[in-house]
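As structure tokens, the structure follows; a few thoughts come after it.
The values are calculated or read from the model by the stated rules, or taken from the named source; none is laboratory data. Just so you know, these numbers come straight off a predicted model, no measurement behind them. For neighbour counting, all protein chains shown are included, and Cβ atoms are generated from backbone atoms with ideal geometry for every residue, glycine included. The protein model used for the area step is the full one, side chains on, heavy atoms only, and it has no ligands, DNA or RNA in it. Shrake-Rupley method; radii C 1.70, N 1.55, O 1.52, S 1.80 Å.
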Amino acid sequence: MAETHLPTLHPRARGKNRYVYAVRARRSGGISVGINLDPQKTCNFDCVYCEVIDRREIAKGTGRPEIAIDDVARELAEELESRARDGGPSAADPVRDIAFAGDGEPSTYRGFLPLSRTLFDVRDAAGFHDIPFVLITNGSGLAREEMREAHDLFAARGGSFWIKLDAGTESFYKTIARSAIPLERILANLTGAAKRHPVVVQAMFLRFRGEPPPGDEIAAWAGRLAKVVEAGGRLSLVQVYTVARETMEPGVLPLTKAELEEIAGAARAAVPGVAVETFA
């Protein structure tokens, strides 16, 4: 495979903002306004494809600092007001979504529900009623009652949960996610969320240490999708994508479009009727 040079990282800051940033996202097809609930860069996963700089240099046990809802709301209001002055949602460079993502896992943030309620109100007051909210999550915190209520809020007010699933077996999951949380818990949380409301599954596959994911791993991953559906879960979309920017781990390279399409084919066969998209 030819040497690949990846673009540099997405910045997660905008001017003096601490929590709100804007990026051009492949998955949304335009501008995604991000909400970063973890500027401390703590996370319960240590994915090999992570783009967050210097995560491992952070002192363990520091945890998240308190976040003032008013501060996040003010930054989001300023960002949306600025974009409204430039033409609003129908501008040439439109806002496609408002995404809880950032430098750590948002589903573990205590206070996610009241913050979400406030930010939905900010969005509506700025005239962006039709712009959906998205939670991009590794799924680890979705069993909390607060997050179940937040899922109801998103479904009622125009939003969705996008849940990551990058592996089908525990061993491969440990290699890619490097988390102490067992894969079975992630799968249970994914299934529970999908039974509550339709969810998007995001799957990151890559070439690691020179090797693409093995075929039996892809088959196991597709089988996990099928089990979610068999259990009564609803998948509105499966996104299969690969790395597009520089990562902090050496030896991580993107898959080819053909390789992604082969993985997508396995998903389509496992969950017929569910839309599957690839992002090369």
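Using a cutoff of 8 angstrom between alpha carbon atoms and counting only pairs six or more residues apart, the relative contact order for the chain works out to 19 percent. Across the stretch 138-147, rounded Karplus estimates of 3J(HN,Hα) from the backbone phi angles (6.51 cos²θ - 1.76 cosθ + 1.60, θ = phi - 60°) give 7, x, 5, x, 6, 7, 5, 4, 4, 6 Hz, Gly and Pro being marked x. In order along the stretch 236-245, phi translates into HN-Hα couplings of 7, 6, 10, 9, 10, 9, 9, 5, 10, 9 Hz, rounded to whole numbers, per the Karplus curve 6.51 cos²θ - 1.76 cosθ + 1.60 with θ = phi - 60° and x for Gly and Pro. Which option, (i) 19.8, 65; (ii) 18.2, 56; (iii) 18.2, 51, is the value of Rg and Dmax of the Cα atoms in Å that was calculated from these coordinates? Evaluating Rg and Dmax of the Cα atoms in Å on these atoms matches (iii). Taking all protein chains together and rolling a 1.4 Å probe, L113 ends up with roughly 10 Å² accessible. Amide H to amide H distances under 5 Å link F279 with V240, Y241, T242, where only residues 5 or more positions off or on other chains count and H is placed in the peptide plane. Loop-located trypsin sites (Lys or Arg not before Pro) in the stretch 149-190 (DSSP state other than H, G, I, E, B) with a sparse environment of at most 16 neighbouring Cβ atoms within 10 Å: R178.
Projecting label points 7 angstrom from Cα along Cα→Cβ for D93 and K195 puts them 4.5 nm apart. Here E261 and E170 are evaluated by their C-beta separation; at R0 = 35 Å the FRET efficiency comes out at 0.85.
Per residue, the solvent-accessible area of the chain (1.4 Å probe, heavy atoms of protein chains only, all protein chains present) comes to 45 Å².
Note on exposure: E66, E217 ranked by accessible area (1.4 Å probe, complete protein assembly) read E66, E217, with the most exposed listed first.
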